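Engineer: First the structure, which I've put down as structure tokens, then a few questions once you've had a look.
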Amino acid sequence: MESDLNKEYYKNERKADWRDKLRKEIKSKDRTLIPKIHMIEEDPLVRNKSHIEVNKGLTLELALQESRRCLDCVTPTCVDGCPVGTNIPKFIKYIEAGDILGAAKVLKENNSLPAICGRVCPQEVQCEAQCLYVKKLNGEGSAIGHLERFVADYDRENGTISIPTIAESNGIKIAVIGSGPAGLTVAGELAKLGYDVTVFEALHNLGGVLNYGIPEFRLPKTIVDFEINSIRQMGVKFITDFIVGKTATIDDLKEEGFVAFFIASGAGLPNFMNIPGENFSGIQSANEFLTRVNLMGGADDRFDTPVHAGKNVVIIGGGNTAMDSVRTAKRLGADKAMIIYRRSQEEMPARAEEIKHAVEEGIEFVTLTTPIEYFADEYGHVNKMRVQKMGLGEPDESGRRRPMPIDGSEYDIEVDSVIIAVGVSSNPIIQKSMPELEVTKWNTIKVDDNMMTSIPGLFAGGDIVRGGATVILAMGDGRKAAGGIHAYAQKLVAVE
């Protein structure tokens with residue numbers, strides 16, 4: 001819940017003359033009668049053969065219409081649902097007033113990656129789920145994500161980059177390990193405060209999971225590059241092909257003058273199911289498949305990157321990564337692209353929008369089913385898989401009903417490609433280079449309320465702490481860690 005101070009802040013901000021004038025122009029009752037806008041989408045029969053972006057964004061007219069639905073609540077519960085604390089009513093009111101660049105500045109006060117969040121953040125279970133329309137009026141929440149994307153795209157397409165106010169340089173060097181959403185966020189937040197921030201990235205391209213894990217049709221790489229360039233213009237430095245723990249240790253970086261560190265190395269270690277035949281050729285992790293396509297040009301004929309997509313493709317899993325994989329396989333020419341998931345479709349952890357888009361694009365869903373064995377041809381390439389039907393038992397620790405195998409329900413499916421998307425584990429390189437670092441039984445890094453690890457001055461956030469999670473939760477960690485790092489660094493300066 002918000003503190004009383006924050007509630008008072010929002011209440012006072014709401015009293016601004018221009019916002020009060022907007023509220024009086026349309027009564028709240030009339031605002032509730034305005035129909036919610038829905039995203040313009042590319043035709044499914046066109047997009048499933050192409051990597052063009054599925055969601056086409058809003059026009060200015062549609063954005064203005066949706067902005068008028070916002071009730072500008074005295075206590076904006078939508079903000080409670082935002083992991084980075086975006087001042088949602090304020091940026092929406094700027095849209096209603098026709099000041100789109102003003103809205104962009106508000107967004108970037110708390111969010112370094114608005115064009116990305118507007119595309120991939122699960123607003124429907126976060127800020128939009130906390131909207132008064134949903135909580136009290138039994139209606140559809142404000143289209144906060146669509147409006148966020150519109151504002152960020154307008155900012156970019158009009159040749160401007162809204163750079164937040166940057167404090168005078170304090171000369172204090174901070175190292176960020178990993179350029180995914182958590183790392184980019186903490187870098188941007190610390191740059192605002194005047195720190196000398198360097199981001200170290202192990203791969204040759206920046207962006208982490210934003211670049212290698214999310215397909216072009218959901219998050220174009222030009223958008224990721226633009227957002228990173230915005231952070232670069234805030235003074236943040238980036239070094240690629242640099243593996244902290246291998247290329248240099250944290251102790252080495254301390255000798256170069258870095259006083260605090262943020263580990264955001266992600267959860268790039270794929271999980272497998274350890275069932276017979278899983279090592280046959282043609283069976284791969286979703287991480288490998290998506291990285292080859294997204295980061296190594298596997299979907300581009302001009303590149304020599306080998307990508308085995310297959311004609312009869314099965315993806316194991318029901319999360320967003322599974323949806324990304326199966327929809328990518330379809331675009332690479334699969335005649336049959338199928339999801340196999342051990343629970344029902346209603347219990348899939350993937351976003352409802354991603355499931356909807358997959359269904360529209362001709363993806364086949366086989367639920368309440370799990371693989372139990374793979375078979376191969378004489379060359380060792382997978383050609384068949386045996387699956388077993390499942391029933392649902394009592395709820396497990398996730399709150400979903402536990403899948404239970406049904407004896408005698410096994411049957412075979414012909415396949416020539418299998419992609420495993422059943423979760424990921426944390427990247428272990430830094431933990432192995434620092435045995436004194438406290439980790440959990442899942443090898444994720446333990447942190448306190450300020451995101452500091454068991455080693456003073458060493459902070460961590462994102463998937464390396466949470467395991468596989470969402471972009472916006474990683475960004476929330478980054479914002480929180482920036483506050484912790486700032487407090488830590490200022491104590492050091494005071495002692496000196």
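The values are calculated or read from the model by the stated rules, or taken from the named source; none is laboratory data. As the structure is a prediction and not an experimental result, all values here were calculated from the model. Ideal geometry is used to build each Cβ from the backbone, glycine not excepted, and the neighbour counts take in all protein chains shown. What goes into the accessible areas is simple: the full protein's heavy atoms, side chains included, and nothing from ligands, DNA or RNA. Shrake-Rupley method; radii C 1.70, N 1.55, O 1.52, S 1.80 Å.
Engineer: For the range 455-478, enumerate the residues that are open to solvent by 50 Å² or more (accessible area, probe 1.4 Å) and not basic (K, R). Lay out the reasoning, then the answer.
Structural biologist: The initial filter retains those residues of the range 455-478 that are open to solvent by 50 Å² or more (accessible area, probe 1.4 Å), namely 456, 466, 468, 473.
Result: P456, G468, L473.
Engineer: If A350 passes every condition in (1) open to solvent by less than 20 Å² (accessible area, probe 1.4 Å); (2) assigned to a strand (DSSP E or B) but one, which one does it miss?
Structural biologist: A350 satisfies all of (1) open to solvent by less than 20 Å² (accessible area, probe 1.4 Å); (2) assigned to a strand (DSSP E or B) except (2).
Engineer: So which residues in the range 395-446 are over 18 Å from N274 (Cα atoms), modelled with pLDDT of 95 or more and polar (S, T, N, Q), if there are any at all?
Structural biologist: Answer for the range 395-446, where residues must be over 18 Å from N274 (Cα atoms), modelled with pLDDT of 95 or more and polar (S, T, N, Q): just S409.
Engineer: Evaluate the following for V422: is it open to solvent by 40 Å² or more (accessible area, probe 1.4 Å), touching a residue at least 12 places away in the same chain (Cβ under 8 Å) and of a type outside the set (D, E)? Give the derivation first.
Structural biologist: Values: open to solvent by 40 Å² or more (accessible area, probe 1.4 Å): yes; touching a residue at least 12 places away in the same chain (Cβ under 8 Å): yes; of a type outside the set (D, E): yes.
Yes.
Engineer: For the range 329-347, name all the residues that are in contact with a Pro (Cβ under 6 Å, 6 or more places away or on another chain) and open to solvent by 50 Å² or more (accessible area, probe 1.4 Å). Full working, then the answer.
Structural biologist: We begin by selecting, within the range 329-347, every residue in contact with a Pro (Cβ under 6 Å, 6 or more places away or on another chain); these are 342-343.
R342 - this is the single residue of the range 329-347 that is in contact with a Pro (Cβ under 6 Å, 6 or more places away or on another chain) and open to solvent by 50 Å² or more (accessible area, probe 1.4 Å).
Engineer: Let me confirm something: among E61, E25, E13, which residue is surrounded by fewer than 12 Cβ atoms within 10 Å (Cβ to Cβ), at pLDDT below 95 and within 19 Å of K93 (Cα to Cα)? Even if it seems obvious, please write down each step before you answer.
Structural biologist: On the way: E61 fails: at pLDDT below 95; E13 fails: surrounded by fewer than 12 Cβ atoms within 10 Å (Cβ to Cβ).
One residue alone meets the criteria, E25.
Engineer: Residue check, F365 against (1) open to solvent by 20 Å² or more (accessible area, probe 1.4 Å); (2) free of Cβ contacts under 8 Å to residues at least 60 places away in the same chain; (3) out of contact with any helix residue (DSSP H, G or I) (no Cβ under 7 Å at 6 or more places or on another chain), all met but one. Which one?
Structural biologist: For F365, the exception is condition (3).
Engineer: Looking at the structure I just gave you, is C73 surrounded by 17 or more Cβ atoms within 10 Å (Cβ to Cβ), more than 25 Å from the chain's Cα centre (by Cα) and in contact (Cβ under 8 Å) with a residue 12 or more places away in the chain? Spell out the reasoning first.
Structural biologist: Details: surrounded by 17 or more Cβ atoms within 10 Å (Cβ to Cβ): yes; more than 25 Å from the chain's Cα centre (by Cα): yes; in contact (Cβ under 8 Å) with a residue 12 or more places away in the chain: yes.
Considered against the rule, which asks whether it is surrounded by 17 or more Cβ atoms within 10 Å (Cβ to Cβ), more than 25 Å from the chain's Cα centre (by Cα) and in contact (Cβ under 8 Å) with a residue 12 or more places away in the chain, C73 comes out as yes.
Engineer: Taking the range 304-314 as the search range and keeping residues that are closer than 23 Å to P220 by Cα and touching a strand residue (DSSP E or B) at 6+ places or on another chain (Cβ under 7 Å), which one is most open to solvent (accessible area, probe 1.4 Å)? Reasoning before the result, please.
Structural biologist: So in the range 304-314, the residues closer than 23 Å to P220 by Cα come out as 304-309.
The next check asks that each one be touching a strand residue (DSSP E or B) at 6+ places or on another chain (Cβ under 7 Å); those that pass are 308-309.
On the way: H308: 75, A309: 10 Å².
Going through the qualifying residues, I end up with H308.
Engineer: Additional query: Do we find that V447 is within 30 Å of the chain's Cα centre (by Cα), free of Cβ contacts under 8 Å to residues at least 40 places away in the same chain and either under 22 Å from L290 (Cβ atoms) or buried (at least 17 other Cβ atoms within 10 Å of the Cβ) (or both) in this structure? Quick ask: steps written out before the conclusion?
Structural biologist: Details: within 30 Å of the chain's Cα centre (by Cα): yes; free of Cβ contacts under 8 Å to residues at least 40 places away in the same chain: yes; either under 22 Å from L290 (Cβ atoms) or buried (at least 17 other Cβ atoms within 10 Å of the Cβ) (or both): yes.
Yes: the conditions hold for V447.
Engineer: Name the residue that is surrounded by the fewest Cβ atoms within 10 Å (Cβ to Cβ), counting only residues in the range 267-303 that are of a type outside the set (A, V, I, L, M, F, W, C) and part of a strand (DSSP E or B).
Structural biologist: Top of the filtered list is S281.
Engineer: Next question. Listed residues I177, I144; which is crowded, with 23+ Cβ neighbours inside 10 Å, touching a strand residue (DSSP E or B) at 6+ places or on another chain (Cβ under 6 Å) and touching a residue at least 60 places away in the same chain (Cβ under 8 Å)? Outline the logic, then answer.
Structural biologist: Numbers: I144 fails: touching a strand residue (DSSP E or B) at 6+ places or on another chain (Cβ under 6 Å).
It is I177.
Engineer: Here is a list: I88, I40, I95. Which entry is open to solvent by 30 Å² or more (accessible area, probe 1.4 Å) and closer than 23 Å to N158 by Cβ?
Structural biologist: Every option except I40 fails the conditions.
Engineer: Every residue in the range 206-230 that is in contact with a Leu (Cβ under 9 Å, 6 or more places away or on another chain), at negative phi and not in a helix (DSSP H, G or I), please.
Structural biologist: Hits for the range 206-230 are L206, G213, I214, P215, L219.
Engineer: For residues that are assigned to a strand (DSSP E or B) and open to solvent by less than 20 Å² (accessible area, probe 1.4 Å), scanning just the range 195-205, find the one that is farthest from N427 (Cα to Cα). Give the derivation first.
Structural biologist: Applying the first criterion (assigned to a strand (DSSP E or B)) to the range 195-205 yields 196-200.
After this cut, where a residue has to be open to solvent by less than 20 Å² (accessible area, probe 1.4 Å) as well, the list is 197-200.
Numbers: V197: 22, T198: 20, V199: 17, F200: 15 Å.
Only one residue fits best here, namely V197.
Engineer: Next question. Any idea how many residues of the range 240-266 are of a type in the set (K, R) and either touching a helix residue (DSSP H, G or I) at 6+ places or on another chain (Cβ under 9 Å) or open to solvent by less than 50 Å² (accessible area, probe 1.4 Å) (or both)? Show your work before the answer.
Structural biologist: If we filter the range 240-266 for residues that are of a type in the set (K, R), which is where we start, we get 246, 254.
So of that shortlist, the ones also either touching a helix residue (DSSP H, G or I) at 6+ places or on another chain (Cβ under 9 Å) or open to solvent by less than 50 Å² (accessible area, probe 1.4 Å) (or both) come out as 246.
Looking only at that region, the number is 1.
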